[in-house]
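Each remark here refers to the structure printed beneath this line.
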Amino acid sequence: NLCSRSCKLGDISILENLQALEILDLRCSCFDELPNGIVELKKLKVLDLYNCRIKENNAYEVIGRCLHLEELYLFLSPSKEEFPLNVSFQRLRRYVIILDHSESLIDMLPRMLEEHRPSRALSVDGLN
């Protein structure tokens, strides 16, 4: 397990080498990009990127290929990236995924996460 909350991390590509990693918790951290290699971490079950700031806009594409996840906590602030529409997380049991960046929602985020942490929550802005 690796927990590094509220940190300025920069380049985290070293994570690709942690083949036994099961839980990656980077909540409230800032880093350059989400390494493509985390898709190959077959033991990774929990990914917590709640309220992370990622400089490169590749995170949603990488997360969309992490099909072995059982838990996902995701809110990237800010993000101009589109979440892939053709993703199926068949193993996902618990999640909080927020793709809504409206100001009213941002004030409610801490409460929303705590209320839904043991179950599931999805918030999407502009879903048609």
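Since every read-out is calculated from the coordinates, none of them should be taken as a lab result. None of these values were measured; they are calculated from a predicted model. Cβ: placed from backbone, ideal geometry, glycine included. Neighbour counts: every protein chain shown.
What base-10 log of the normalised intensity I(q)/I(0) is obtained for region 1-40 from the Debye formula, alpha carbons as equal point scatterers, at q = 0.21, 0.23, 0.30, 0.36 Å⁻¹? Each listed q maps to, in turn, -0.63, -0.76, -1.19, -1.31. Computed packing ranks the peptides 11-22, 27-38 as 27-38, 11-22, most packed first, by mean other Cβ atoms within 10 Å. Were the residues from H68 through C7 laid out at 0.36 nm apart, the gain over their Cα-Cα distance would be 19.4 nm.
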